[in-house]
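Q: I'd like to ask you about the structure that follows.
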Amino acid sequence: MDSLMAETDEVYGISPDNEYCKWEWKTGDEHAPLYGVQHALLADCNNNLATALGIVSDEGVPYRTTYILDPEGIIQHVSVNALNTGRNANEVLRTLQALKAGGLTGCEWTPGDDFVA
């Protein structure tokens, strides 16, 4: 996640968890590898945003969704994972770098690779 944070100025984690849960993600130590989150955490306690985005399951829980917006606020990438599937920060970073690269990138493109001709 540190590399992702270095690649962009703004990373937000949004979930229906309240501020007390958010505080635990930033400062708690019960599950140390999950804690110590450095990016901003925002609460969507009533799922208003998740509902408006259409990313709420039949159980009323938002799917694990990642959006990448360009500097003008235009969505350039969306990925939606099932409730039991975690996201991969390295893949989010690779996708962000590919979007910023300025050329046509292949599905396994990494910085330094040639663009697709």
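Q: Can you tell me which residue in the stretch 59-80 is nearest to T105 (Cα to Cα), limited to those that are among the aliphatic types (A, V, I, L, M) and surrounded by fewer than 10 Cβ atoms within 10 Å (Cβ to Cβ)? Talk me through it step by step, then tell me what you get.
A: Of all residues in the stretch 59-80, those among the aliphatic types (A, V, I, L, M) come to 61, 68-69, 74-75, 78, 80.
Add one more test, that the residue is surrounded by fewer than 10 Cβ atoms within 10 Å (Cβ to Cβ), and what stays is 74-75.
Numbers: I74: 19, I75: 18 Å.
Among residues in the stretch 59-80 that are among the aliphatic types (A, V, I, L, M) and surrounded by fewer than 10 Cβ atoms within 10 Å (Cβ to Cβ), the one nearest to T105 (Cα to Cα) is I75.
Q: Here's a follow-up. Six or more apart or on different chains, Cβ under 8 Å: which pairs go from a residue in the stretch 2-18 that's of a type in the set (D, E, K, R) to one that's assigned to a loop (DSSP other than H, G, I, E, B) and at pLDDT below 80? Could you list them?
A: These pairs meet every condition: D2/Q38.
Q: Can you find a residue that is assigned to a strand (DSSP E or B), at pLDDT 90 or above and on the phi < 0 side of the Ramachandran plot anywhere in the stretch 34-52?
A: Within the stretch 34-52, none of the residues are assigned to a strand (DSSP E or B), at pLDDT 90 or above and on the phi < 0 side of the Ramachandran plot.
Q: While we're on this one: Residues of the stretch 53-64 being outside any loop (DSSP other than H, G, I, E, B) and more than 20 Å from Y20 (Cβ to Cβ), which ones?
A: Initially, the stretch 53-64 is screened for residues outside any loop (DSSP other than H, G, I, E, B), giving 53, 56, 62, 64.
If the condition is that a residue be outside any loop (DSSP other than H, G, I, E, B) and more than 20 Å from Y20 (Cβ to Cβ), then L53, V56, R64 are the ones that fit.
Q: Okay, next question. Just a yes or no: is a residue in the stretch 97-114 within 17 Å of D17 (Cβ to Cβ) and in contact with a strand residue (DSSP E or B) (Cβ under 6 Å, 6 or more places away or on another chain)? Explain how you work it out, then say what you get.
A: Pass one, the stretch 97-114, residues within 17 Å of D17 (Cβ to Cβ): none.
No - not one qualifying residue is present in the stretch 97-114.
Q: Same structure again: Could you tell me which residue of the stretch 81-99 is surrounded by the most Cβ atoms within 10 Å (Cβ to Cβ), considering only residues that are in contact (Cβ under 8 Å) with a residue 12 or more places away in the chain and assigned to a loop (DSSP other than H, G, I, E, B)?
A: Filtering the stretch 81-99 for residues that are in contact (Cβ under 8 Å) with a residue 12 or more places away in the chain and assigned to a loop (DSSP other than H, G, I, E, B), the one surrounded by the most Cβ atoms within 10 Å (Cβ to Cβ) comes out as R87.
The values are calculated or read from the model by the stated rules, or taken from the named source; none is laboratory data. Keep in mind that what you see is a predicted model, and the values were worked out from it rather than measured. Cβ coordinates were reconstructed from backbone atoms using ideal geometry, including for glycine residues, and neighbour counts include every protein chain displayed.
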